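Readers should treat all values here as calculations from the given coordinates under stated rules, not as data from a laboratory. What you are looking at is a predicted structure, and each value in this text was computed from that prediction instead of being measured. Note that we place each Cβ from the backbone using ideal geometry, even for glycine, and neighbour counts take in every protein chain shown.
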Amino acid sequence: MRHFITTDDLTNNEIINIFSDAEKFLKGEERGNELSKKSVMTLFFENSTRTRSSFEMALKRLGSRVINLDISKSSASKGETLLDTALNLKSIGADALIVRHSDAGVTYKLAQHLNSKSSVINAGDGSFAHPTQAMLDLFTIMKYFPDPQGKKIAIVGDIKNSRVANSNIKLLPRFGINITLVAPPHFLPKTDLKISHSLKKVIDEVDIIMSLRTQTERHNQQVYASLKDYARDFCITEELIGQKDIILMHPGPVNRNIDISDGLMNDPRSKVLEQVENGVAVRMAILKYLLAGKK
Ligand code: CP
């Protein structure tokens, strides 16, 4: 069984093939019933709106049986380890487990233990990785820039705590996209990438802005006076981008007027909902690639 823990698990060729399939799913050219004999379980130990619903929609469109384990009512609360939970779900008949967890590296460890028994798909673990989000982000970028080589993106916000940023930082340069990280110093990881503390200084240079949510749940201490203070410098506003020919992205959930202004959320340059729509097609293509035909 193949696992999908980070974007490094796929070659560039595999990614392009997956995108080609995703495009067909998006256009309705391929009906998709490839997982009609599969059973997949989702285990979300952290909250989710998009990723969980998107995976469920993708699985159902591919004909798979889907069980969403309700973690709050599961035996995890009785002290069962995650590995034992996973092994039991495999025994019940799960061909794949889609896992979101607050601890970085959990999906990697699960994949090692389950080995060939069930596929493990990372739906976001701690601040480590969110590979399907990065895939749908790249797919969305390539809808506007079919040859993304040399395009420039500013990733803005709480980069240090963002699994979305981490996965994109690994994936986008493989396709020739130049990244500038834009954040206050306390939100920047150690990096060799270009950095800036000023949105205004980079705005004229970039083709794409990816705004991120401030992940207060991962802060050990408050690192700025208030979200309003942060927004003054890092919220993407109409005033900031003016008439510039850019695309604006955000993985969601968006904190309006902190990450992106209300007005810009409705601007045609905002691709936030398009990312979500693309996400279902990209996840269908990933699931098909990983699971269809596999015993
Ligand atoms: N982008 C994303 O992971 O959103 P959810 O937390 O709602 O799944």
(message) Using only the Cα atoms of segment 1-156, what are the Rg and Dmax in Å?
(response) 16.4, 52
(request) Would you calculate the volume per residue, in Å³, of the smallest convex hull containing every Cα atom of segment 132-271? (result) 103
(request) List the GluC sites (Glu not before Pro) within segment 12-54 that fall in a DSSP loop (any state other than H, G, I, E or B) and whose Cβ has at most 14 other Cβ atoms within 10 Å. (result) Glu29
(request) Determine which aspartates and glutamates satisfy two conditions relative to Lys78: a Cα distance under 15 Å, and not lying fewer than 8 residues away in the same chain. (result) Asp70
(request) Pick out, from Ile209, Ile92, Gly105, the residue whose Cα sits farthest towards the positive end of the charge dipole of the chain, with +1 on the Cβ of Lys and Arg and -1 on the Cβ of Asp and Glu. (result) Ile92
(message) Charges at C-beta only: +1 for Lys and Arg, -1 for Asp and Glu. How large is the resulting dipole of the chain about its Cα centre, in Debye rounded to 20?
(response) 800
(request) Might you report the magnitude of the Cβ-based charge dipole of segment 132-271 about its Cα centre, with Lys and Arg at +1 and Asp and Glu at -1, to the nearest 20 debye? (result) 400
(request) With 5 Å bins from zero, work out the P(r) of the chain over every alpha carbon pair and list the percent per bin. (result) 1, 5, 12, 16, 18, 16, 13, 9, 6, 3, 1, 0
(message) Using Cβ contacts closer than 10 Å as the measure, can you line up Thr85, Thr107, Thr180, Thr191 from fewest to most?
(response) Thr191, Thr180, Thr85, Thr107
(request) Before rounding to the nearest 500, sum -39500 (n - 2.57) across all DSSP H runs of length at least 4 in the chain and divide by the residue total; then give [θ] at 222 nm in deg cm²/dmol. (result) -11000 deg cm²/dmol
(request) Might you report the magnitude of the Cβ-based charge dipole of segment 124-189 about its Cα centre, with Lys and Arg at +1 and Asp and Glu at -1, to the nearest 20 debye? (result) 120
(request) Of the DSSP beta bridges with both residues in the chain, give the percent that are antiparallel, rounding to the nearest 5. (result) 5
(message) Report, in listed order, any pair from Lys194/Lys271; Lys73/Lys109; Lys201/Lys244 with a Cα-Cα distance greater than 21 Å.
(response) Lys194/Lys271; Lys73/Lys109
